[in-house]
Amino acid sequence: MNKEPEFDPELERDLRALKPAAADSRLLERLEEVLSKTAAAESTPAPPTEAWRQWLAPVAGAAAMIAALLVLPPERAPEPTPSAFTPAALVEALEEEPVDLKPVQVQNHVLGALEEGIVSTPNDQPFHKVRLRLLDSFTWEDDSGATRIKYTVPREEHFLIPATIY
Amino acid sequence: METKVRDWQSWLREHTPRLLLFARAQTRCEADAEDVLQDALVECWRRSKGATPELPLVYATLRRRAIDLARSTDRRVAREETVVADIETVCWFDAALTKAEAASILDRAMKKMPEKFREVMLLKIWGGLTFAQVAETLDIPMNTAASRYRYGLEFLRKDTELSQS
């Protein structure tokens, strides 16, 4: 199947000759049924309004909280009535008047690099395998600068650097 | 979509025995092995958008799911209560009449083998993965995968010789 090294060819051949126990038909039927149901569920799209609301609610909530902090400093803002600034009320207000956010900044931070040893490609070329851990941050802002959302995403990159083995 | 389901059905019939073998070794309990296999396959189905996935991806997903399951305290207690019975009764290998004795010896030896050697052995011999794929699946360097494989072979060689003597 491949040009992999064999350490004990006789034993390895004997082991390969013994097959894993067959899965019983009950398990196969169960897996087929679950995957069929998953396929059916995946092929039925959610109603668009529901998906829109699911997306908007958390984003609008976060935007509303940030907007309240930036726009309404305590010393200048009128004392809010308890009912006026509940999160639900702010979300409702934002749903009526959406905030138009635009990307303003993307940053990549390198958190660390890890040498994972030597690997070789199918044509026996050795490479150093290096794993790089990064943190990407994205900032979105509305035109007035009053509303800003920043989120960060951890990420990994794997590099293969040609190596020379003596 | 129907074609994809048919592809999956034949893929399942071909690969379920080897995936279940790995799941059994990762969970040590039949019910958990089946649950973990099911969860991993559903996750891979979603990730591959219904296409049949690459085996290394399925093995890696299986392993991650098994680790998640083992971290769940209540499931661990339940598993520990059933593991003894399962280990005794469920043979991991095809015990057809002509190979029943060899399958039984191998079954006992694999269950005794240290886990870090066993998972490499299972992926390499019965999973059909290359050392590079084994290393990627287990998140270890390839040289480590190769040396664990060699130690696993030595363990089996010694253990099966002892069993036969």
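Of everything in segment B:24-43 that's crowded, with 19+ Cβ neighbours inside 10 Å and more than 10 Å from every other protein chain (Cβ to nearest Cβ), which residue is modelled with the lowest pLDDT? Top of the filtered list is B:R28.
Hey, can you tell me all the residues within segment A:2-16 that are surrounded by fewer than 10 Cβ atoms within 10 Å (Cβ to Cβ) and over 15 Å from B:T130 (Cβ atoms)? Answer for segment A:2-16, where residues must be surrounded by fewer than 10 Cβ atoms within 10 Å (Cβ to Cβ) and over 15 Å from B:T130 (Cβ atoms): A:P9, A:E10. Just so you know, in segment B:44-54 the residues that are within 12 Å of chain A (Cβ to nearest Cβ) and surrounded by fewer than 17 Cβ atoms within 10 Å (Cβ to Cβ) include one that is farthest from B:T89 (Cα to Cα), and it is B:K49. For segment B:130-158, a residue qualifies if it is crowded, with 20+ Cβ neighbours inside 10 Å, charged (D, E, K, R) and at the interface with chain A (Cβ under 10 Å from one of its Cβ atoms), and exactly one does: B:E136. The number of residues in segment B:113-129 being crowded, with 23+ Cβ neighbours inside 10 Å, of a type outside the set (A, V, I, L, M, F, W, C) and within 12 Å of chain A (Cβ to nearest Cβ) comes to 2. Taking segment B:88-165 and the helices (runs of 4 or more DSSP H) fully enclosed by it, the elements with 3 or more residues that are of a type in the set (G, A, S) are at B:100-112, B:142-164. The listed residues are B:L21, B:L57, B:L62, and the only one of them that is aliphatic (A, V, I, L, M), assigned to a helix (DSSP H, G or I), within 10 Å of chain A (Cβ to nearest Cβ) and closer than 23 Å to A:K19 by Cβ turns out to be B:L21.
Among the residues of segment B:89-112, just one is of a type in the set (A, V, I, L, M, F, W, C) and away from chain A (no Cβ under 12 Å), namely B:L97. Scanning segment A:122-166 for residues that are assigned to a loop (DSSP other than H, G, I, E, B) and in contact with a helix residue (DSSP H, G or I) (Cβ under 8 Å, 6 or more places away or on another chain), which turns out farthest from A:N108 (Cα to Cα)? Among them, the one singled out is A:A146.
Pairing each residue of segment A:121-135 that is at the interface with chain B (Cβ under 10 Å from one of its Cβ atoms) and touching a residue at least 24 places away in the same chain (Cβ under 8 Å) with any residue that is surrounded by 11 or more Cβ atoms within 10 Å (Cβ to Cβ) and among the charged types (D, E, K, R), provided the two are 6+ apart or on different chains, yields C-beta distances under 9 Å for A:K129/A:E115; A:K129/A:E116; A:R131/A:E115; A:R131/A:E116; A:R131/A:E157.
For segment B:16-29, the criterion of a residue being over 10 Å from the mean Cα position of the chain (by Cα) and either small (G, A, S) or closer than 17 Å to A:A39 by Cβ (or both) is satisfied by no position. Within segment B:105-134, the set of residues being among the small types (G, A, S) and closer than 17 Å to B:A25 by Cβ comprises B:A109, B:G127, B:G128.
Among the residues examined, B:T82 qualifies as in a helix (DSSP H, G or I), at pLDDT below 90 and either over 30 Å from A:R13 (Cβ atoms) or of a type in the set (S, T, Y) (or both).
The values are calculated or read from the model by the stated rules, or taken from the named source; none is laboratory data. Because the structure is predicted, anything quoted here is derived from the model rather than measured. As a convention, Cβ positions derive from the backbone with ideal geometry for all residues, glycine included, and neighbour counts pool all protein chains shown.
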